[in-house]
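The following block contains the structure, expressed as C-alpha cells.
The values are calculated or read from the model by the stated rules, or taken from the named source; none is laboratory data. Because the structure is predicted, anything quoted here is derived from the model rather than measured. Note: ideal-geometry Cβ built from the backbone for every residue, glycine included; neighbour counts use all protein chains shown. Calculation scope for accessible area: heavy atoms of the full protein, side chains included, ligands and nucleic acids excluded. Shrake-Rupley method; radii C 1.70, N 1.55, O 1.52, S 1.80 Å.
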Amino acid sequence: MKKSIKRMLLVVLPLFLINMVMAQSPKGTELKIKTSSQCETCKETLEKAMAYEKGVKESSLDVESKILTVWYNPEKTTPEKIRKAINLAGYDADDTKADPKAYSKLKDCCKKPEDRHDHSAGCHHE
C-alpha cells in the first residue's frame with residue numbers, strides 16, 4: 001500500500017507543480033489581437049498605449065503579422081478593455097473599429113493604404 005502511494009505521488013506531484021508554475025507566469029494571461037497596424041511607428045504607438053493601460057504587464061506587436069500580443073492581469077482588466085484601448089489609440093482590434101478621431105490623428109504611414117493621401121507612402125524611419 002505504501003509503495004502505491006509513493007508511486008502516485010511521484011506521478012501526481014510533478015504534474016501539480018508544473019501546473020502551478022504555468023498558471024503563475026510572470027507575464028500574466030496572454031491575449032493575441034489582430035490590429036490594423038502598418039509599420040514600426042504603429043508598433044511604438046500601440047506598445048506605448050498598452051504600457052499605460054491598467055492591468056497590462058507587457059505587449060509586443062509583430063509588424064509583419066499585425067498581431068499585438070498582450071500579457072495582462074485578468075483581475076485588473078479584460079480583453080474588451082484592452083481592445084477598447086487599442087481603438088482609442090487609432091487602430092482596429094480584431095472586430096472592433098478604431099476610434100475615428102484617434103485614427104484621423106495617426107501619421108499618414110500608419111493609416112490603412114486605402115486612406116493614405118499618398119498611396120505609395122510607406123513609413124520613413126530615420
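At 7 Å along Cα-to-Cβ for each site, give me the label-to-label distance between residue 58 and residue 99 in nm.
2.8
May I pose another question? Below 13 Å, Cα to Cα, which aspartates and glutamates can residue 107 reach? Residues fewer than 8 away in the same chain don't count.
Cross-link targets: 40, 44, 115, 118.
Keeping every protein chain in place, order 96, 35 by accessible area at 1.4 Å, biggest value first, i.e. largest first. Can you show the working numbers first?
Working: 96 50, 35 10 Å².
So the residues, ranked largest to smallest area, are 96, 35.
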